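Chemist: Quick one: structure below, then a few questions.
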Amino acid sequence: MLAKFERRSALDDSDRKALLGLPVRMSVYEPGKYIVREGSTVDESALILSGFAFRQKVTADGDRQIVSVHIPGDFVDLEGSLLKVADHNVQTLTRCEVASIPRRAIVALIDEHPRVGRALWIDTLIDGSIFREWVMNVGRRDAKQRIGHLLCEFARRLEVAGLGTTEGYQLPMTQEQLADATGLTPVHVNRSLKVLEAEGLIVREKRYIKIPDWGRLRDISGFNELYLHLDVAA
């Protein structure tokens, strides 16, 4: 988290100490558990220490749309520090260790450390950029590109976090969850993964994804990492 925020804004020693000194309540969530529920009053912001989680919206008929995936070092509901009621759900993909930080502590941190406030602001802006790309992915790319693009995003985000590389990584999502993230059916996801594999773009070993030719997968999927703003720093 600190390393990521230092890419967002130029922090000094007092900023780092303030971030690392935040009061926290430690929790462990098993796979499929809710960290945040839509409509609930938000008193804390959750920081993922280990594991993976996702944001989702559910229609009145019970259909789910996954709108983003989060990795260690991510605040999954930073807007909860300023918005009192959650407007979406956050659910775990895998077993997660979570540090919950009181909203009053987040607000005090923003007031007393403007450089940290800038980093938090940029973090939420990048979340918005990722949301926009996911809308583009669902609305304007074909099935193979949608899956390939998501695999590319995972590769780069996990690489920056030190949890994988563009040559391969452990994919935390089932085919059903990939379907809910890309607006496809699980059957269509399965077919698309098989096409990517048949074309030599990926190699699957259970949940592990190997990428033999990163440049080719990126080009075929229309992946441009600009929207991730990985190099943002003051």
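The values are calculated or read from the model by the stated rules, or taken from the named source; none is laboratory data. Since this is a predicted model, take the numbers as computed values, not measurements. Methodologically, a virtual Cβ is constructed for each residue, glycine included, from the backbone with ideal geometry; neighbour enumeration extends over all protein chains shown. Side chains are part of the model used for accessible areas, which takes the heavy atoms of the whole protein and leaves out ligands, DNA and RNA. Shrake-Rupley method; radii C 1.70, N 1.55, O 1.52, S 1.80 Å.
Chemist: If you add up the charges near ASP142, with Lys and Arg at +1 and Asp and Glu at -1, over every other residue whose beta carbon is less than 14 angstrom from its beta carbon, what do you get?
Modeler: Net local charge, ASP142 excluded: +4.
Chemist: Semi-axes, largest first, in whole Å: what does sqrt of 5 times each Cα gyration tensor eigenvalue give for the chain?
Modeler: After scaling each eigenvalue by five and taking roots: 31, 20, 15 Å.
Chemist: Over region 1-105, what percent of the accessible surface lies on carbon and sulfur atoms, probe 1.4 Å?
Modeler: The computed percentage sits at 53.
Chemist: Also, quick follow-up: I need the calculated FRET efficiency for the pair VAL85 and LYS57, taking r as the beta carbon distance and R₀ as 22 Å, to the nearest 0.05.
Modeler: 0.90
Chemist: Sum -39500 (n - 2.57) across every DSSP H segment of at least 4 residues in the chain, then divide by the residue count to get the 222 nm mean residue ellipticity, nearest 500.
Modeler: Theoretical 222 nm ellipticity from helices: -13000 deg cm²/dmol.
Chemist: Please give, to one decimal in nm, the separation of the simple spin-label points placed at GLU199 and LYS33, each 7 Å out from Cα toward the Cβ.
Modeler: 4.0 nm
Chemist: Give me the accessible area per residue for the chain, probe 1.4 Å, as a whole number in Å².
Modeler: On a per-residue basis, 48 Å².
Chemist: Right, another one. In whole percent, and with a 1.4 Å probe on the protein chains, what portion of the accessible area of region 116-234 is carbon and sulfur?
Modeler: It is 53 percent, rounded to a whole number.
Chemist: Please give, to one decimal in nm, the separation of the simple spin-label points placed at ASP111 and LYS210, each 7 Å out from Cα toward the Cβ.
Modeler: The answer from the label model is 5.6 nm.
Chemist: Based on alpha-carbon centroids, what's the gap between region 43-87 and region 1-40 in Å, whole number please?
Modeler: If we compute the Cα centre of each part, the gap is 13 Å.
Chemist: LEU2 versus VAL138, label points 7 Å from Cα toward the beta carbon: distance in nm?
Modeler: 3.7 nm
Chemist: Among ASP123, ASP13, ASP77, which one shows the highest mean-square fluctuation when the chain is modelled as a Gaussian network with alpha-carbon springs under 10 Å?
Modeler: Maximum fluctuation in the GNM of the chain, among the listed residues, is at ASP13.
Chemist: Right, here's the next one. Which of the lysines could a cross-linker bridge to LYS210, judged by Cα under 20 Å and excluding same-chain residues fewer than eight apart?
Modeler: Cα-Cα hits under 20 Å: LYS144, LYS194.
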